[in-house]
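So the structure is just underneath, and the comments pick up after that.
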Amino acid sequence: MGWLEFVLTCVVALPLVACLLLAVPAWFGVRFGERVISAMVGVAFGGAAAAALAALAGMLGSGRDSLEVTLGRWVVVGDYTFEWRLLADHLSVPFALFAAVLVGLIGVFSRRYLHRERGFFRFYLLLALFGAGVEIVVLAGALDQVFFGWELVGLTSALLIAFFHERAKPVEHGLRAFITYRVCDVGLLSAIVWLHHRVGSSRFVPDGGPWAGLVAPSDTASVVAVGLLLLWASMGKSAQVPLGGWLPRAMEGPTPSSAIFYGSISVHLGPYLLLRASPILQGSPGVAWAVVGVGALTAAHGSFVGRVQTDIKSLLAYASMTQVGLILVEIGFGLHYVPLIHICGHATIRSLEILRSPSLLHDHHHLEQAVGRQVPRTPFHIERLVPNAFRPWMYRHALERGYFDSLLRLVVHGFMRVMRGVDRIDRWWTGKVVGEPMRIDAGEEQRR
């Protein structure tokens with residue numbers, strides 16, 4: 001293994017080592033102080049950022065467009081072989097670099113923000129695990145490995161939303177985000193299985209584009225199916241309509257986790273996945289237009305709904321939703337470097353805005369006290385384009401968040417009623433077979 005391969009491995013290995021150094025002693029009842037905990041995470045992600053920068057410099061200096069590291073065969077079952085591969089190219093290395101930098105900065109910022117918080121250790125452990133999951137997703141050489149990191153990011157996201165578990169609402173909102181992730185992750189898993197059946201592999205390979213991508217199946221139906229499944233997975237992770245209702249509720253977590261998850265990195269993993277799947281989008285214009293449609297609808301929805309929010313974190317959540325929707329539009333139109341630059345710029349700015357939001361409210365309050373009146377609102381220029389007759393309807397639409405929550409609640413309740421009916425039929429049939437009467441529990445009797 002050369003030095004380039006070594007530093008690329010360090011980008012993933014250092015966050016994982018930080019997780020182990022925090023988790024293993026805690027398992028045996030050993031807890032470190034706040035300075036030590038924050039230093040471990042800061043050094044790990046600082047080292048990961050330095051390793052990513054060294055890999056980028058080495059690739060540019062040697063004139064290599066991509067670098068692949070194979071860490072051995074892990075599973076061999078019949079014709080299927082799982083090899084852990086790390087892939088560095090024009091897409092993964094910049095993303096890995098800025099992700100490591102942002103996670104490290106959040107770790108440094110949180111040392112004082114969460115000082116003497118009871119969940120201080122838990123926050124840093126989940127932050128390190130999240131950073132490791134992101135680096136696995138970004139540097140994975142195949143969709144099989146992407147799925148591992150994808151699940152780590154989803155798990156840590158839900159746990160940090162429910163960070164203040166003493167209250168019911170954070171737990172409820174964390175559970176909603178987790179369920180949304182799980183439902184949409186079916187799309188990613190199904191796409192992996194489909195590609196293995198039709199192509200024989202889910203590896204990212206060079207195809208003449210700016211970076212490596214998936215190998216498109218030979219038949220149009222499979223291309224459309226895989227593309228739509230990957231779009232479905234991206235919609236859940238990136239809070240696209242009609243599945244984005246969990247994003248403003250995710251702000252129940254600590255402000256640093258809101259910044260790193262829903263302002264900078266986590267919500268951009270969906271666009272990253274679609275950038276890797278660019279050969280699929282190029283092979284099916286219908287899927288590409290579906291990406292454009294979802295992104296445009298999300299951008300319009302986030303823009304209108306964000307205008308009526310009364311708290312700054314919800315406003316920033318819908319602003320993030322709007323920008324991610326625009327990034328999907330760029331990807332659907334076949335652009336490559338424009339969405340990558342958009343992702344890096346938006347992630348950095350939005351993260352800083354969310355971190356600044358609590359003190360901004362404090363400063364705004366003092367400003368109004370100093371001038372003796374409310375600070376004038378910034379004019380909404382888009383309102384001038386809307387006829388007066390439609391403004392009340394659009395205001396009501398925005399207040400109801402596009403009615404997507406109500407529609408989703410209707411679908412979920414209908415599905416649950418069907419499943420309860422199936423459960424009753426199953427228990428009735430089982431009782432007939434074994435000769436026992438069907439029992440109705442108290443909860444079901446109360447629902448009736």
key: Selected residue (criterion: surrounded by the most Cβ atoms within 10 Å (Cβ to Cβ)) from residues of segment 189-215 that are among the hydroxyl-bearing types (Ser, Thr, Tyr) and assigned to a loop (DSSP other than H, G, I, E, B)   = Ser202
request  = For residues that are of a type outside the set (A, V, I, L, M) and either in contact with a strand residue (DSSP E or B) (Cβ under 6 Å, 6 or more places away or on another chain) or farther than 23 Å from Ala177 by Cα (or both), tally how many sit in segment 111-143.
outcome  = 8
ask   = What are the residues in segment 216-244 that are more than 19 Å from Ala288 (Cβ to Cβ) and surrounded by fewer than 22 Cβ atoms within 10 Å (Cβ to Cβ), if any?
value = Pro242, Leu243
remark   = Per the filter on segment 249-287, residues touching a residue at least 60 places away in the same chain (Cβ under 8 Å), small (Gly, Ala, Ser) and assigned to a helix (DSSP H, G or I) are Ala250, Ser257, Ser258, Ala259, Gly263, Ser264, Ser266, Ser278, Gly283, Gly286
message = Looking at (1) under 16 Å from the mean Cα position of the chain (by Cα); (2) closer than 17 Å to Ser92 by Cα; (3) acidic (Asp, Glu), which one does Glu151 not meet, given that it meets all the others?
response = (2)
ask   = Here are some conditions: (1) over 29 Å from Ile192 (Cα atoms); (2) surrounded by 24 or more Cβ atoms within 10 Å (Cβ to Cβ); (3) free of Cβ contacts under 8 Å to residues at least 24 places away in the same chain. Leu60 meets all but one. Which one does it not meet?
value = (2)
query = Mind checking whether some residue in segment 287-307 is aromatic (Phe, Trp, Tyr), surrounded by 14 or more Cβ atoms within 10 Å (Cβ to Cβ) and within 20 Å of the chain's Cα centre (by Cα)?
reply = no
remark   = All-but-one check, Phe148 against (1) part of a strand (DSSP E or B); (2) at pLDDT 90 or above, failing number (1)
request  = For segment 90-131, name all the residues that are assigned to a loop (DSSP other than H, G, I, E, B) and touching a Lys or Arg at 6+ places or on another chain (Cβ under 9 Å).
outcome  = Leu91
remark   = Within segment 73-89, of all residues that are buried (at least 18 other Cβ atoms within 10 Å of the Cβ) and over 14 Å from Cys10 (Cα atoms), the one modelled with the highest pLDDT is Asp89
remark   = If we take segment 361-448, then helices (runs of 4 or more DSSP H) inside it with 3 or more residues that are at pLDDT below 75 and exposed (fewer than 11 other Cβ atoms within 10 Å of the Cβ) are 442-447
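The values are calculated or read from the model by the stated rules, or taken from the named source; none is laboratory data. Keep in mind that what you see is a predicted model, and the values were worked out from it rather than measured. Note that we place each Cβ from the backbone using ideal geometry, even for glycine, and neighbour counts take in every protein chain shown.
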